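Trainee: Can you read through this structure? Questions will come right after.
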Amino acid sequence: MKTQVLSLDNKKTGDLALDSSVFGVEVRRDILARVVYWQLAKRRQGTHSTRTVSMISGTTRKPFRQKGTGNARQGSLRSVQFRKGAVAHGPHPRSHAHDLPKKVRALGLRCALSQKAAENKLIIVDSFDMSSHKTKELKAKLGAFGFESALFIGADQVNENFFRAIQNIPKMDVLPSMGANVYDILRRDTLVITQEAVKKLEERLKK
C-alpha cells in the first residue's frame, strides 16, 4: 500500500509504503466492539453502592405481633419492602475490568487503522514540528485539511509546541504512538499519523 506524505501545510513531501498486514487487514466489527467494550469497562469507576439490611440504622424490634392483626407478618422495619429500608441485590463497589487476549487487542488496533485507511481518512504527515505554540497558527495550518475532528498520533515524544497549540482546538486529540488505541481512533473522524509513528506502529503490530 502506497500513500502520500504531507506537511502540516497540506503540501506533498513524498510517498510512503504502508504494511498491508497492519493497514490493510479485513475490518472485523465484532473485534472492534470487543476491544472498545474492554477499554470502556476498565475506565468505569465502579463506586456505585447500596445498603444492605445490616447497614440500615434503626430499631431491631418486631413491628407488630405475628398473628391476629390481619397484616402480613413482618420481622423488621429495615427490610427491603419498607420505605427507607435496604435494597435487595443492589450494586456494590467493584471493578468492571475484564481480560482480553493480547492477540485480540492487537487485531483490534490493526482493524481500526485499516478502517481509516479504507475510508481514506488516514493522513500521513512528515512531522508535527512547530516553532510556535500559538493555537491560532496551528488552526490556520489545519484549515487547509478541513478537519472537523481528528486524532494526531506522533512518535514517542510529541513536539511540545504542537501539543500545547492543539489543546485549545475542540475535537482534536494528540497521542504518542505507544498510546494509540482503538477507542480514540474510532471516536474521531480523521486519523493523522507521522512517518515515525507509522514505523513504530508497524514494528508493534506486524505479524
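Trainee: Which order do 160, 119, 203 take when ranked by solvent-accessible area (1.4 Å probe, heavy atoms of all protein chains), largest first?
Mentor: I get 203, 160, 119, largest accessible area first.
Trainee: Rank these residues by their accessible area, most exposed first, probe 1.4 Å: 126, 156.
Mentor: I get 156, 126, largest accessible area first.
Trainee: Which trypsin sites (Lys or Arg not before Pro) in segment 62-111 pass both tests, a DSSP loop state and at most 16 other beta-carbon atoms within 10 Å?
Mentor: Qualifying residues, ordered by number: 65, 67, 73, 83, 84, 94.
Trainee: In whole percent, what relative contact order does segment 43-134 give with Cα contacts below 8 Å and a gap of six or more residues?
Mentor: It comes to 30 percent, rounded to a whole number.
Trainee: Keeping all protein chains in place and using 1.4 angstrom, which order do 129, 30, 19, 99 fall into by accessible surface area, from largest down?
Mentor: Of 129, 30, 19, 99, the descending order of accessible area is 99, 129, 30, 19.
Trainee: Plugging the Kirkwood radius over Cα pairs into Stokes-Einstein for segment 48-95, at a temperature of 20 °C and a viscosity of 1.002 mPa s, what D comes out in µm²/s?
Mentor: D = 177 µm²/s.
Trainee: Among the aspartates and glutamates, select those whose C-alpha is under 17 Å from the C-alpha of residue 134, and discard any that sit fewer than 8 residues away in the same chain.
Mentor: Leaving aside aspartates and glutamates fewer than 8 places away in the same chain, those within reach of residue 134 are 9, 160, 173.
Trainee: Who wins for biggest fluctuation among 194, 135, 69 in a Gaussian network model of the chain, springs between alpha carbons below 10 Å?
Mentor: Maximum among the listed residues: 69.
Trainee: In segment 1-82, what chymotrypsin sites (Phe, Trp or Tyr not before Pro) fall in a loop by DSSP, with at most 16 other Cβ atoms inside 10 Å?
Mentor: Those satisfying the criteria are 64, 82.
Trainee: Helix 195-205 versus the longest principal axis of the chain: what is the Cα-based angle in degrees, 0 to 90, to the nearest 10?
Mentor: Here the helix axis deviates by roughly 50 degrees.
Trainee: Residue 163: accessible area at probe 1.4 Å, nearest 10 Å²?
Mentor: 90
Trainee: Solvent-accessible area of residue 172, probe 1.4 Å, all protein chains present, reported in Å² to the nearest ten, please.
Mentor: Accessible surface of residue 172 is approximately 20 Å².
Trainee: Please compute the contact order of the chain in relative form: average sequence separation of alpha-carbon pairs under 8 Å and at least six residues apart, divided by the residue count, as a percent.
Mentor: Averaging sequence separation for qualifying contacts and normalising by length gives 25 percent for the chain.
Trainee: Tell me, what is the percent relative contact order of segment 48-95, built from C-alpha pairs under 8 Å that lie six or more residues apart? Don't skip to the answer; put the middle values down first.
Mentor: On the way: 61 pairs, mean separation 23.0, N = 48.
Worked out over segment 48-95, it gives 48 percent.
Trainee: From the gyration tensor of the Cα coordinates in the chain, what semi-axes in whole Å does the equivalent ellipsoid have, largest first, with each one equal to sqrt(5λ)?
Mentor: Square roots of five times the eigenvalues give 55, 21, 13 Å.
Trainee: Right, next: With angles folded into 0 to 90 degrees, how steeply does helix 102-118 sit against the dominant principal axis of the chain? Use alpha carbons for both and round to 10.
Mentor: It works out to around 50 degrees.
Trainee: Step through the table entries 116/206; 12/102; 42/206, compare each Cα-Cα distance with 29 Å, and write down the pairs that go over it.
Mentor: As for pairs spanning more than 29 Å Cα to Cα, those are 12/102.
The values are calculated or read from the model by the stated rules, or taken from the named source; none is laboratory data. From a predicted model like this one, the values you see are computed outputs, not experimental measurements. With ideal geometry, Cβ positions are generated from the backbone for all residues, glycine too; neighbour counts draw on all protein chains shown. These area figures cover heavy atoms from the full protein model, side chains too; ligands, DNA and RNA do not enter into them. Shrake-Rupley method; radii C 1.70, N 1.55, O 1.52, S 1.80 Å.
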